[in-house]
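Here is the structure we will look at, set down as structure tokens.
Rule-based calculations on the coordinates, nothing more; no lab input. If you're wondering where the values come from, they're calculated on a predicted model, not measured in any experiment. In this analysis, Cβ positions are derived from the backbone assuming ideal geometry, glycine residues included, and neighbour counts consider all displayed protein chains.
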Amino acid sequence: MNETQRREIKDHLLSGLSSLAEVEIDGDLAVENCPDEADFATQLTLQGVNMAMRHRRMTRIREYENAIKRLHETDFGICDECGDPIGLARLKASPSTRLCIACQCAAEEERSRCA
Ligand SMILES: [Zn+2]
């Protein structure tokens, strides 16, 4: 990976991080004071969705931050399995990936996701 590619990935990760930081997820929903059971169930469901969204966002933020930290390691963007460079588009879509598409497919072959 050359400097231009590193910079391109870094820009992508930084702008991804700032847009993740901007997403406002509604504050805690009050589950108390629900007049009936249906309302209570709805509130619980909403709270579950809310927590799942927060969790996904945190996971994504951590993934981006780790990728930024690893950006200057010599093996960043190099497949752990075969040592080939991982495509830029793939790194952008999934910055934490450590396998090239071919090795990822080979690893998932038993699940037949890459027919
Ligand atoms: Zn590979």
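First measure r as the distance between the Cβ atoms of Asn66 and Leu46, then evaluate 1/(1 + (r/R0)^6) with R0 = 22 Å and state the FRET efficiency to the nearest 0.05. Using R0 = 22 Å, I get an efficiency of 0.10. Per residue of the chain, the DSSP helices (runs of n ≥ 4 H) give a summed -39500 (n - 2.57) that works out to -19500 deg cm²/dmol at 222 nm. The modelled label-to-label distance for the pair Lys10/Ala38, using points 7 Å beyond Cα in the direction of Cβ, is 5.6 nm. For the chain, the Kirkwood hydrodynamic radius comes to 16.8 Å, computed from all pairs of different C-alpha atoms. Between Ala106 and Met58, the modelled labels are 3.6 nm apart [label points 7 Å from Cα along Cα→Cβ]. Once the Cα atoms are used to define both axes, helix 3-22 deviates from the longest principal axis of the chain by about 0 degrees.
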